[in-house]
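To start, the structure under review is shown below, and the notes come after it.
The values are calculated or read from the model by the stated rules, or taken from the named source; none is laboratory data. All figures in this text were calculated on a predicted structure; none of them were measured in a lab. Using ideal geometry, Cβ is built from the backbone for each residue, glycine included, and neighbour counts are taken over all protein chains shown. Side chains are part of the model used for accessible areas, which takes the heavy atoms of the whole protein and leaves out ligands, DNA and RNA. Shrake-Rupley method; radii C 1.70, N 1.55, O 1.52, S 1.80 Å.
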Amino acid sequence: MKTLWDFIDRVRKPPVRPAPVARPVRPRPEPPTAHEPPPDLDAIRATATMRERYAAVERFMLKQHGVRVRKWRSSMSGVAWQVTYRDGSIAKLIESPRPRGPMSAAVFLHEIGHHAIGFGVYRPRCLEEFHAWKFSIDTMRECDLNVSDRVLERMHDSLHYALEKAARRGLKRIPEELLPYTQPRLRRRSA
């Protein structure tokens, strides 16, 4: 005859689980080589509409720098980062708005610029921001994209903020390239 203790012992004993199966590590795809030919700027400039030109710049930049878009943002903000895997491969990722106008193209190219110039190449961090913005504006001009006043104002505001942040974190010397961005931009008065 079984007692209540017979059933309790079964509950107390942990179940026997099979040993975990080791999964093979999938190799990551190789990033594109850095020695691709320069962009066919004439082909980009020759596109019939601005929509096609923005799309051509988007496709070319993603392919040229081996960047993958994790998410297209609806806001005019972005972020760039990279992930290094155990096998040594690197995934270059961004989140940004899809380039459809001057501002969204500037933000998109700024995030691509972080990968183009390389992370940690420029110190302090505010200097890296400057070079990413410079890459963005230079690329827009090379591709005959409109660099509007609002884009240049956004660049100024962004670099001023980066300098303030660096100062709060103990920046001792302001790099020469960033001297024009030490003061906030004068705001336009609305009529």
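Out of the residues in segment 66-86 that are open to solvent by 70 Å² or more (accessible area, probe 1.4 Å) and among the polar types (S, T, N, Q), state the one that is farthest from Ala55 (Cα to Cα).
So, considering only residues that are open to solvent by 70 Å² or more (accessible area, probe 1.4 Å) and among the polar types (S, T, N, Q), the one farthest from Ala55 (Cα to Cα) is Thr84.
Going by what's in this entry, would His131 be described as under 25 Å from Val57 (Cα atoms), in contact with a Lys or Arg (Cβ under 6 Å, 6 or more places away or on another chain), modelled with pLDDT of 95 or more and not in a loop (DSSP other than H, G, I, E, B)?
Details: under 25 Å from Val57 (Cα atoms): yes; in contact with a Lys or Arg (Cβ under 6 Å, 6 or more places away or on another chain): no; modelled with pLDDT of 95 or more: yes; not in a loop (DSSP other than H, G, I, E, B): yes.
Against the criterion (under 25 Å from Val57 (Cα atoms), in contact with a Lys or Arg (Cβ under 6 Å, 6 or more places away or on another chain), modelled with pLDDT of 95 or more and not in a loop (DSSP other than H, G, I, E, B)), His131 does not qualify.
Check whether at least one residue in segment 118-131 is aliphatic (A, V, I, L, M) and either in contact with a helix residue (DSSP H, G or I) (Cβ under 6 Å, 6 or more places away or on another chain) or under 30 Å from Glu52 (Cα atoms) (or both), and report yes or no.
Scanning segment 118-131, I find no residue that is aliphatic (A, V, I, L, M) and either in contact with a helix residue (DSSP H, G or I) (Cβ under 6 Å, 6 or more places away or on another chain) or under 30 Å from Glu52 (Cα atoms) (or both), so the answer is no.
Scanning segment 132-151 for residues that are in contact with a helix residue (DSSP H, G or I) (Cβ under 7 Å, 6 or more places away or on another chain) and closer than 21 Å to Trp81 by Cβ, which turns out most open to solvent (accessible area, probe 1.4 Å)?
Out of the qualifying residues, it is Phe135.
Quick test for you: out of Tyr122, Tyr161, pick the one residue that is assigned to a helix (DSSP H, G or I), of a type in the set (Phe, Trp, Tyr) and open to solvent by 50 Å² or more (accessible area, probe 1.4 Å).
Of Tyr122, Tyr161, the one residue that is assigned to a helix (DSSP H, G or I), of a type in the set (Phe, Trp, Tyr) and open to solvent by 50 Å² or more (accessible area, probe 1.4 Å) is Tyr161.
So Met155 fits all but one of (1) more than 24 Å from Arg45 (Cβ to Cβ); (2) out of contact with any Leu (no Cβ under 7 Å at 6 or more places or on another chain); what number is the exception?
Met155 satisfies every listed condition except (1).
Evaluate segment 96-119: report whether one residue or more is buried (at least 20 other Cβ atoms within 10 Å of the Cβ) and assigned to a loop (DSSP other than H, G, I, E, B).
yes
Anything in segment 33-65 that is at pLDDT below 75 and either open to solvent by 60 Å² or more (accessible area, probe 1.4 Å) or among the β-branched types (Val, Ile, Thr) (or both)? List them, or say none.
Once the filter is applied, which keeps residues that are at pLDDT below 75 and either open to solvent by 60 Å² or more (accessible area, probe 1.4 Å) or among the β-branched types (Val, Ile, Thr) (or both), segment 33-65 yields Thr33, Ala34, His35, Pro37, Pro38, Asp40.
Return the residues of segment 138-153 that are within 23 Å of Ala56 (Cβ to Cβ) and assigned to a helix (DSSP H, G or I); say none if nothing qualifies.
Asp138, Thr139, Met140, Arg141, Glu142, Arg150, Val151
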